[in-house]
1. Tally Lys and Arg at +1 and Asp and Glu at -1 over the other residues with C-beta under 14 Å from the C-beta of GLY70: what net charge comes out?
2. Could you work out the helix-only [θ] at 222 nm for the chain, with each DSSP H run of four or more residues adding -39,500 (n - 2.57) and the total divided by the number of residues, to the nearest 500 deg cm²/dmol?
3. When the expected Rg is taken as 2.2 N^0.38 Å, what fraction or multiple of it is the alpha-carbon Rg of the chain?
4. What length, rounded to one decimal in nm, is gained on full extension from ASN151 through to ASN103, with 0.36 nm per residue of separation minus their alpha-carbon distance?
5. Order these by the 10 Å Cβ neighbour count, fewest first: ARG195, ARG217, ARG117.
6. Which value in Å does the Kirkwood hydrodynamic radius of segment 26-182 take, with 1/r averaged over all unlike C-alpha pairs and then inverted?
7. Could you estimate the translational diffusion coefficient of segment 13-99 from the Stokes-Einstein equation, with Rh from the Kirkwood formula over C-alpha pairs, at 4 °C and 1.567 mPa s, in whole µm²/s?
8. No solvent, one uniform scatterer per C-alpha: report log10 I(q)/I(0) for segment 157-263 via the Debye equation at q = 0.19, 0.20, 0.21 1/Å, two decimals.
Amino acid sequence: MKYSILGNTTSKISRICLGTMTWGHQNTELEAFEQMDFALSKGVNFWDTAEMYPVPPNANSYGKTEIIIGNWLASRKQRDEVFLATKISPISWARNEKSPSINSENIKLAVNNSLKRLKTDYIDLFQLHWVTNRPNYHFANWWGYEPPENNKSKNQICENIIEILNTCDGLIKEGKIKHIGLSNDSAWGINQFCRLSEKFNLPRIVSVQNEYNLLRRRDEHDVMETCSLEGISYLSWSPLQMGVLSGKYLEGIPLKGTRFSKEWDPHGRYAPRINPKVQLAVQHYLEIAKKFRLDLCQLSIAFTLRKKYMSSSIVGATSLEQLNNNINSIELNLNKEILEQIELVRKEFPVPF
C-alpha cells in the first residue's frame, strides 16, 4: 500500500480508502466484516462512512453502516490501526427535526450519535456531507445550478461557516473529533472555510471529498487548484462512477445484483449516468485499457491518484474479489501515452452526464 499525509496534519492515510456505503443494504454484516479484515490486511487504514449510510438512505436503515463498523471495532480491538472518517448528513429525518441544516446543535447531535454507533471515543475525520445553506451543483445537479446572489446571502453563509468552525473547535478540544473536512463543496466554499478559519484562529479543513472520475472531471481547475495551493487533501469518491467505469453497464440494462439494478428507474436519478454519450466514452476508455493490457477498473482508480494532492481514492465493493482488484490498482502508474489517449477521449466527451 502507498500512503499520503492528510492535509496539513501528521496523520498518514492509505491512498486507497475503504468505502462502506453498501454495508447494511447490498452487503451483510458478515460480508462487511470480511471486507474490513481484508482491507486492513492489505494496508488500507483509511475508512470512510457517513451517518446516513447505507444507500439508498431512508429512516429505517439510517446509521446501520456505522453500527456495523462499531461492531467490528468492538470485536477486533484494532481501533488505533484505522483512520476513521464519517459525515454529518443534512437529512430531515436524521435527528427527527424539521430543519436539516448543518448548525451547532445538529453537529453536536451527529457527532455524539456517530460515536455511539461506531463504539469509539473519537472520530479521526468529521466531514460535512454536502452544503445546506446555499445551492449545490454536485450529484450531477450542474445543469440547473444557480448560485446565490448579493452580500446578504454571502454574510449568512459565512456566519454559518463560523458557527460550524466554532462548534468543531469545541469538539476537537473535547477529544471527540480530530480533524474536519468538506464533501461535495465548491472552490468558493472551500476558500471561505480556509479564510474564516485563519481570520478567527479556528480549526482548518484538511480535506475535500468530491466525486471525481474519468467521466466527472469538473474539479480539475478551481477546486483542485485550491487544494494544491492550500495544502488540502483531495479525496475522490466514486472513482468508477458508481460502477459504470467497470464497463458492466455497456449494454445499458443494469445487471442483476448490481447497485443500479436494486434502485433502477429509467427516469430516475441514476439514468443520466448510463446515457448514450456515457456509453461511448466508457467504450473508448475500455479500448485504451485493452490496448495497454490493463483492467479498466484499475486504470480508472489509478487515474484519480496520478497527482500528489489527490490523496486518496474511495473504493467500494460488494465482493472481496472486487475489493482486491480495486486495492491492487495502487500498483498501477499511468504513463504519458496512456494519459494522452485519455485526454483525447475527454475532449470528445467533456461532460457526458
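Laboratory data are not the source of any read-out in this text; all were calculated from the coordinates shown. All figures in this text were calculated on a predicted structure; none of them were measured in a lab. Neighbour counts are summed over all protein chains in view; Cβ atoms, including those assigned to glycine, are modelled from backbone coordinates with ideal geometry.
1. On the way: positive: LYS64, ARG76, LYS77, ARG79, LYS116, ARG117, LYS119; negative: GLU29, GLU51, GLU66, ASP121.
Net of charged neighbours comes to +3.
2. -12500 deg cm²/dmol
3. Taking N as the residue count of the chain, the ratio is 0.95.
4. Numbers: separation 48, 0.36 × 48 = 17.28 nm, distance 2.06 nm.
Here the segment from ASN151 to ASN103 would lengthen by 15.2 nm.
5. Sorted ascending by nearby Cβ count, the order is ARG195, ARG217, ARG117.
6. Computed over Cα pairs of segment 26-182, the Kirkwood hydrodynamic radius comes out at 16.8 Å.
7. 97
8. Once normalised to I(0) and log-transformed, intensities are -0.92, -0.97, -1.03.
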